[in-house]
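**Student:** Have a look at this one before I ask anything.
Readers should treat all values here as calculations from the given coordinates under stated rules, not as data from a laboratory. Keep in mind it's a predicted model, so treat the numbers as computed, not measured. Counting neighbours? That spans all protein chains shown, and the Cβs are built from the backbone with ideal geometry, glycine included.
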Amino acid sequence: MIRRLFTRSVTLTVVAVLGIAAAGALYWFQPWRLFTDTVVTDTLSVVPSAGPQPSSASAAPTRDLSPVVIAEGPFVSHEHDTSGTARIVRNADGSHQLELAGLDTSDGPDLRVWLSDQPVRTGPAGWGVFDDGEHAELGRLKGNHGDQVYRFPDAVDPQAWRSVSIWCKRFAVSFGAAQLSVVSS
């Protein structure tokens, strides 16, 4: 009888521990996110193309009130296939925003948009470098597909950053990143 009681207790304990472990693993890894997509359709800035402007000797100089792209670059894949373009735009009012155009990546737990002072490296060597130096978080990734806009807080200097990463905070790994190259005006 004691042996049966002991066996039942051990079995129930093992089942309970395995159940708790399975629930924890599901929460931590969220494997269903491999099959989910969120499409975002934020309105991106309309940036006039650079080119010769008509001039007139009598025309008074005017301040251009159009948005200007100051840095941009294409995404490269890291932990997950990622494509699209990142660009920093200076708005007419002097504020700045990061625009992700045509982003296409996997969904994942706890994805963030990070500006970083680290260069973009390809392959597995680039997966974890973005938390090695300085970084600024612009917010949670709104979705894994489409066009997205993230406003810069006033304290974030747009000139201080070399790259953008779609960063999985839970696993400290980059899904993909874009090197920001200064656009000459």
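**Student:** Could you give the length gained on full extension between residue 16 and residue 81, defined as 0.36 nm per residue of separation minus the Cα-Cα distance, in nm?
**Tutor:** Computed gain between residue 16 and residue 81 is 19.7 nm.
**Student:** Could you please report the charge total around residue 40, scoring K, R as +1 and D, E as -1 over all other residues with beta-carbon less than 11 angstrom from its beta-carbon?
**Tutor:** Its environment carries a net charge of -2.
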